Amino acid sequence: MGWRLAESLVVLRDQVNKMAPQRSKLSDGTIGDVSHQHRPSRHNPNDAGVVCALDLTDDPAHGCPIHVVVEAVRARPHPDLAYIISNSRIAGRSTGWSWHRYTGANPHTKHAHFGVGSGPDSEPRQPYDERTPWSLSRNGSGPAPSGAGPRRLKRGMKGADVKGLQKILIGAGHLAGGADGVFGPKTEAAVKRLQAQMRLTADGIVGPATHAAIARVLALLAAAPK
């Protein structure tokens with residue numbers, strides 16, 4: 001069966017190529033290989049023959065620091081974007097674009113992954129053909145990411161990452177109400193429920209093991225429509 005790349009990703013690739021015409025494409029990727037064909041992946045064509053994932057190579061020496069570009073995209077996501085993976089981290093629509101640890105076999109250090117469309121990786125649906133330009137410039141919004149993992153979260157802490165955690169807990173059915181970015185007793189109890197469900201030590205603290213469990217939850221939730 002023939003296939004095509006989602007139009008929104010064609011626009012992204014064209015913009016990156018224009019920004020860095022001499023960039024390496026060694027780790028670029030569209031349609032998946034054999035390993036992708038045996039698991040749900042946006043690199044596999046959906047029922048309409050559309051591939052809804054694009055990998056772009058990191059090549060700072062030739063004007064394509066893709067992990068810096070990812071930060072700009074995360075700050076101003078394209079309307080079709082479902083999630084991004086970069087430097088062992090994943091951020092998605094349903095979590096307010098906060099970073100969480102990604103524990104897949106490929107750490108995505110040599111390239112970044114962009115997934116578009118709504119619905120699960122097994123069958124992404126529209127919107128994925130919106131040709132709106134992507135925001136690729138940081139516009140002086142801060143230093144490039146360090147590549148460090150997410151911080152350890154526990155009761156009493158505040159921030160955008162706490163809010164992202166709460167959105168995951170709400171989406172997973174462990175937390176009722178809204179996400180306020182404050183790690184209080186209800187959030188702690190919800191984390192303990194998630195930890196128990198994932199057969200982790202239920203201490204209410206989001207450390208490396210719990211971040212890894214959250215990444216597995218995020219893989220199911222990140223592409224869901226708002």
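Here are some notes:
- When the residues of the stretch 199-216 are filtered to those that are under 19 Å from Arg89 (Cβ atoms) and not in a helix (DSSP H, G or I), the one that is modelled with the lowest pLDDT is Gly207.
- Residues of the stretch 83-104 satisfying the condition of being more than 20 Å from Arg39 (Cβ to Cβ) and among the aliphatic types (A, V, I, L, M): Ala91
- Set Ser8, Ser27: member being at pLDDT 90 or above, open to solvent by less than 10 Å² (accessible area, probe 1.4 Å) and either closer than 21 Å to Asp121 by Cα or touching a strand residue (DSSP E or B) at 6+ places or on another chain (Cβ under 7 Å) (or both): Ser8
- Residue match in the stretch 130-139 (condition: outside any loop (DSSP other than H, G, I, E, B) and modelled with pLDDT of 80 or more): no
- Scanning the stretch 148-198 for residues that are of a type in the set (D, E, K, R) and either open to solvent by 60 Å² or more (accessible area, probe 1.4 Å) or under 21 Å from Ser88 (Cα atoms) (or both) yields Arg151, Arg152, Lys154, Arg155, Lys158, Asp161, Lys163, Lys167, Asp180, Lys186, Lys192, Arg193.
- Residue in the stretch 105-116 that is farther than 23 Å from Gly159 by Cα, hydroxyl-bearing (Ser, Thr, Tyr), open to solvent by 40 Å² or more (accessible area, probe 1.4 Å) and touching an Asp or Glu at 6+ places or on another chain (Cβ under 8 Å) present: yes
The values are calculated or read from the model by the stated rules, or taken from the named source; none is laboratory data. Because the structure is a prediction, the values reported are computed rather than measured. Please note: Cβ atoms are built from the backbone with ideal geometry, for glycine as well, and neighbour counts cover all protein chains shown. SASA here: full protein model, heavy atoms, side chains in, ligands and nucleic acids out. Shrake-Rupley method; radii C 1.70, N 1.55, O 1.52, S 1.80 Å.
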